[in-house]
Structures are given as structure tokens and as C-alpha cells.
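Notes for the one structure printed next.
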Amino acid sequence: MPLDHYVSQVHLRNFYSPVTKRLFAYRKSISNAFPPPLRRCCRIEDGSTNAYLKQDRIIEDFLREVEPNINASLTKLRDDKIDQECLFSIAGFAAYVASCAPAAMRIQTEPLRRPWKRTAILLDRQE
């Protein structure tokens, strides 16, 4: 199973400390901050795999279009020089994180679970 980053490493570098040149993370389980290696941040097993798509790793093709332009697009946004490439990159990145990050998947699963559960019960009653 591949370990996929749901936030690109290129983007995470924008959050480096200017003093230490490291990213700082917070481990909720033991309430402490630590400087993790970048390659270990924001990644999960099979994060770019979606069994509901015909090609379950097609998300990676989408990210190849979005991720390389993120930093340049953020610069354009800050400088108020927004163009179509900027909009595509930022919107694509936001959509990906909003739908594929672990918290997003947890949050978005529950509203779908209830109607499906009710439907399954109704279908079971009708055999």
C-alpha cells in the first residue's frame, strides 16, 4: 500500500519556521510540538486511492496538473495577479484537501451513512 500525501510536500514547505527551516507539528495524543521530517507529514496509506472510480489511482493524474503550480499560484494571489492557472491550481488543491484529507473523509461520511442505513433497513424489510 502506497503512503500518499494529502497535502503536497511543496505546499507544506510554505509553513517552515524561518529560524529552524523545519516544519512544526503538534501531536494531540501526548500534547507536544515536534519538528517531523517533511516526508512523514500529512500522509496516509492509499490516500490517493478511491475504489469508487474506474481507475482507483486517477486522483494522482489530477494532482500532477494542480500541485506543480501551487506556490506560483499563491504568489499570484498575494500579488493580486490572479489568472486562470492560479484559479485552477488553488481551487483544485482546496477541493482535493477538502475531499481527501482524513478529517474531510470522516466529516463527509456520516451524513451519507444515515440515509444508506435507512435505505438498507427498508430494503431488508421488503426482502
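The values are calculated or read from the model by the stated rules, or taken from the named source; none is laboratory data. Everything numeric here is computed off the predicted structure, so don't read it as measured data. Using ideal geometry, Cβ is built from the backbone for each residue, glycine included, and neighbour counts are taken over all protein chains shown. For accessibility, only protein heavy atoms count, side chains too; no ligands or nucleic acids. Shrake-Rupley method; radii C 1.70, N 1.55, O 1.52, S 1.80 Å.
Being surrounded by 11 or more Cβ atoms within 10 Å (Cβ to Cβ), modelled with pLDDT of 85 or more and either in contact with a Ser or Thr (Cβ under 9 Å, 6 or more places away or on another chain) or closer than 18 Å to residue 15 by Cβ (or both) is the requirement here; does residue 85 meet it? Yes. Total residues in the stretch 16-55 satisfying the condition of being at pLDDT 70 or above and surrounded by 13 or more Cβ atoms within 10 Å (Cβ to Cβ): the figure is 10.
Applying a threshold of 9 Å to beta carbon distances and a minimum spacing of six or more residues, or different chains, the list of pairs starting in the stretch 14-36 at a residue that is in contact (Cβ under 8 Å) with a residue 40 or more places away in the chain and ending at one that is open to solvent by less than 100 Å² (accessible area, probe 1.4 Å) reads 14/70; 14/71; 14/74.
The set of residues in the stretch 85-127 being in a helix (DSSP H, G or I) and touching a residue at least 40 places away in the same chain (Cβ under 8 Å) consists of 93, 96, 97, 100, 102. Scanning the stretch 65-82 for residues that are closer than 20 Å to residue 16 by Cα, surrounded by fewer than 16 Cβ atoms within 10 Å (Cβ to Cβ) and not β-branched (Val, Ile, Thr) yields 68, 71, 72, 77, 78.
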